[in-house]
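These notes are about the structure you will find just below.
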Amino acid sequence: MFAFEEMEHFVKSSLLSISLLLAVGSASVAHASGTDLASVANAAVQMDPSLAVPAGVTLAELHRLYHPRNNSHMIIHYDIASWLRSGYVDEGVIGFVSSTPFEGGHAIRACLSHTPYDDFTSTDMNCEGQVIPPYRGIIGYLSTVQLPGTAPLYRCAYAWKGKLRHFDTRDIGCEGISGAHNDGPQGYVFM
C-alpha cells in the first residue's frame, strides 16, 4: 500500500511542479527541478488558488524514516540528513504538514514511549505521560478536520519481539502488519 501512496504523491507533486513551471516559465526550470517539493508546492499554491491551503499554512514535506536495527519508525520534516547518517532509512514523503501554526490546525509532537527505540506522534504536548525527547519537539501542524486535498494520518502500534512499536501511516489498515492496531487519526496531512 505504501508504494501506491508514494506513486500517488509523486503524481500529485509532478502536477504541482508542472503547473509551477508553466506559470513561471522556462527560467525556473533549473530551480524547480530540485528536490524541495515543499517549495514547489508552496509556490504552486501561490500561483493557482484552486490548490489553496488554509491561510497561514507553510507546507513542509513529511518524511517517514525507518531504523532497521531497532524496527522503529518516525516522521519528520527537518534535518533528515542527520537522521539518515545515524542509520535511519527514508521511506518517502507521506504528505505535507504545515511548519507554522494555522487556524483550524493543531500540533503533533514527537514522543518516545518507555519502551526503548519506540518513537511515536501525539497531539498531547505532554506525550501522553511518556517521554518528551529534549532533542525533538513539534513535528508540524495538521488540519483538525478533513479538507479537500487532505488525508488522514493514522498512528498504528504493534508488538515486535515483545516491544511496543508505533508508526504513522495514511493506511487505515496499518499497512497489513500482523497484530497492529490503529490508534486513530492524528489529524489530516496535505497532499
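The values are calculated or read from the model by the stated rules, or taken from the named source; none is laboratory data. Every value quoted in this text rests on a predicted model; they were computed, and no experiment measured them. In this analysis, Cβ positions are derived from the backbone assuming ideal geometry, glycine residues included, and neighbour counts consider all displayed protein chains. Accessible surface areas use protein heavy atoms only, side chains included; no ligands, DNA or RNA. Shrake-Rupley method; radii C 1.70, N 1.55, O 1.52, S 1.80 Å.
For the reader, a short list of remarks on this structure follows.
- Shape call, region 114-182: gyration tensor on alpha carbons, a/c limit 1.5: oblate
- Sequence of LEU59, LEU112, LEU147 from largest to smallest accessible area, 1.4 Å probe: LEU147, LEU112, LEU59
- The order of MET74, MET125, MET191 by accessible area, most exposed first and with a 1.4 Å probe, is MET125, MET191, MET74.
- Cα-projected label distance for ASP124 with GLU91, points at 7 Å along beta-carbon direction, nm: 2.3
- Averaging the sequence gap over all C-alpha pairs within less than 8 Å and six or more residues apart, then dividing by the number of residues, gives region 103-191 a relative contact order of 30 percent.
- Area of VAL57 that stays accessible when all protein chains are in place (1.4 Å probe, Å², to 10): 20
- ASP168 contributes an accessible area of around 10 Å² to the protein surface, as traced by a 1.4 Å probe with all chains present.
- Taking the alpha carbon gyration tensor of region 63-133, multiplying each eigenvalue by 5 and rooting it gives semi-axes of 21, 17, 9 Å, largest first.
- Surface analysis of region 46-118 yields an accessible area of 45 Å² per residue, using protein heavy atoms and a 1.4 Å probe.
- Protein-only accessible surface order, largest first, of GLU175, GLU61, GLU103 at 1.4 Å: GLU103, GLU175, GLU61
- Full-stretch length increase - PHE102, ASN182 - with 0.36 nm per residue and alpha-carbon distance subtracted: 26.1 nm
- Taking the Cα centre of region 52-191 as reference, the dipole from Cβ charges on Lys and Arg (+1) and Asp and Glu (-1) amounts to some 340 debye.
- Solvent-accessible area assigned to carbon and sulfur over region 61-191 amounts to 56 percent, based on a 1.4 Å probe.
- With the charge dipole of region 68-129 set up from +1 on Lys and Arg Cβ and -1 on Asp and Glu Cβ about the Cα centre, the Cα lying farthest toward the positive end among the listed residues MET74, GLY129, ILE108 is that of MET74.
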